[in-house]
1. Does residue 232 satisfy being closer than 21 Å to residue 182 by Cα, outside the structural domain of residue 172 (by TED's automatic domain parsing) and more than 21 Å from the chain's Cα centre (by Cα)?
2. Please specify each residue of the stretch 153-195 satisfying the condition of being of a type in the set (Val, Ile, Thr) and touching a residue at least 12 places away in the same chain (Cβ under 8 Å).
3. In this structure, does residue 230 turn out to be of a type outside the set (Gly, Ala, Ser) and at pLDDT below 95?
4. Can you give me the number of residues within the stretch 115-135 that are part of a strand (DSSP E or B) and within 9 Å of the ligand (Cβ to nearest atom)?
5. So the check is Cβ under 8 Å with 6+ separation or different chains; which pairs have a first residue in the stretch 268-297 that's without any contact (Cβ under 8 Å) to a residue 40 or more places away in the chain and a second one that's surrounded by fewer than 23 Cβ atoms within 10 Å (Cβ to Cβ)?
6. Is at least one residue of the stretch 239-261 of a type in the set (Asp, Glu), at negative phi, in contact (Cβ under 8 Å) with a residue 60 or more places away in the chain and in contact with a helix residue (DSSP H, G or I) (Cβ under 9 Å, 6 or more places away or on another chain)?
7. Would you confirm whether any residue within the stretch 100-108 is among the basic types (Lys, Arg), surrounded by fewer than 17 Cβ atoms within 10 Å (Cβ to Cβ) and under 24 Å from residue 29 (Cβ atoms)?
8. From (1) over 26 Å from residue 199 (Cα atoms); (2) out of contact with any Pro (no Cβ under 6 Å at 6 or more places or on another chain); (3) crowded, with 18+ Cβ neighbours inside 10 Å, pick out the condition that doesn't hold for residue 298.
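The values are calculated or read from the model by the stated rules, or taken from the named source; none is laboratory data. In this text the structure is predicted, and so the values were computed from the model without any measurement. Neighbour counts are summed over all protein chains in view; Cβ atoms, including those assigned to glycine, are modelled from backbone coordinates with ideal geometry.
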Amino acid sequence: MYLSFLIFQDMSSKVTKIGVLTSGGDSPGMNAAIRAVVRTGLYYGLEVYGITRGYQGLIEDDIIKMNGRSVANIIQRGGTILKTARCMEFMEQEGRQKAYDNLKKRGIDGLVIIGGDGSFRGANKFSSEFDIPCIGLAGTIDKDISGTDFTIGFDTAVNTAVEAIDKIRDTMDAHDRVFVIEVMGRDAGYIALHSGIATGAENILIPERKTDINSIIKSLKEKERRKKMVNLIVVAEGDDFGGADQVSRVLKENLPKAEIRVCILGHIQRGGAPSCLDRIIASRMGYHAVESLLQGRHNVFVGIQDNKMNYIPLEQAVKTKGKISDEWLDIVKILAS
Ligand code: ADP
């Protein structure tokens, strides 16, 4: 799909030592990806180094040699054994120069970056300034990166949200209450949309669509009139109307007799054992990241589309804001009626 000269480097400069790091927001499945990178690298006779705390560890020379045992018994663990960080110093050229010097003195000649679009922008800048091929793996619970049907962590985060919302629904139903549940998604509504549909939410509020609070108030007033005041509203934290607190405040003003409760799921969505799907996509992507470096592919991130690997130039790593099709919202409306 993309011109090959964009993503292949000179085959004579074959990698021998690679580094792997996790950067930006953590997501469940990052450990499975680290494991796949390390084990695939070792299988092909490469030296593999783990860099702690993302670009911060790279600048501070916090780099450790990995072996097969370093990644034993981690495929099922959330978080990241390498830790992650946001690093302002890497935004500056001097920071990136320090990072490069630390790689060079060890002879590390390829880098795998597991993170979101911000981490990919950093990797793109780094690899355009220095002769270090970089391969990205999309690790983000928000699933908001174009070019891939999956990102590492999304499936786990959604399943965590579904489990929590199911529990809330039990008590909501027992008491005839309205619940406004906030899930993660500052720029993207995928977690809200998937978890809301899977739990039978009546309303799902997402950043990609303008929220019509008046129509929600109208339908709740109708429910109140019919004495059937049970209603589940799932709202993404980045919804244009505001988060769950703002939504419930306005609902309470307009429906003073209704029992309206708020629950913000928060960081539980980031943690926990990765789902089977996240372990598998992390393993596939990690394996293909190393294969890519060996084949001389560089400065791309590994996505999966239509069950095939898709290599997208890092410079094209952008958030997929606004791409949710109307079909999904029609499903929400029709199934909740
Ligand atoms: P995520 O990867 O989850 O989107 P961030 O957007 O916070 O997370 O990015 C992670 C890190 O990537 C930043 O802390 C910074 O070190 C690096 N980074 C992001 N954007 C750039 C950029 N334009 N130039 C250099 N480094 C960047």
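1. Working: closer than 21 Å to residue 182 by Cα: yes; outside the structural domain of residue 172 (by TED's automatic domain parsing): no; more than 21 Å from the chain's Cα centre (by Cα): yes.
Considered against the rule, which asks whether it is closer than 21 Å to residue 182 by Cα, outside the structural domain of residue 172 (by TED's automatic domain parsing) and more than 21 Å from the chain's Cα centre (by Cα), residue 232 comes out as no.
2. Just the residues of the stretch 153-195 that are of a type in the set (Val, Ile, Thr), to begin with: 156, 158, 160, 162, 165, 168, 171, 178, 180-181, 183, 191.
Matches in the stretch 153-195: 156, 158, 160, 162, 165, 168, 178, 180, 181, 183, 191.
3. Details: of a type outside the set (Gly, Ala, Ser): yes; at pLDDT below 95: yes.
Considered against the rule, which asks whether it is of a type outside the set (Gly, Ala, Ser) and at pLDDT below 95, residue 230 comes out as yes.
4. Quick first cut of the stretch 115-135, residues part of a strand (DSSP E or B) only: 115, 134-135.
So of that shortlist, the ones also within 9 Å of the ligand (Cβ to nearest atom) come out as 115.
Counting residues in the stretch 115-135 that are part of a strand (DSSP E or B) and within 9 Å of the ligand (Cβ to nearest atom) gives 1.
5. Correct list of pairs: 288/309.
6. Within the stretch 239-261, one or more residues are of a type in the set (Asp, Glu), at negative phi, in contact (Cβ under 8 Å) with a residue 60 or more places away in the chain and in contact with a helix residue (DSSP H, G or I) (Cβ under 9 Å, 6 or more places away or on another chain).
7. no
8. The failed condition is (2).
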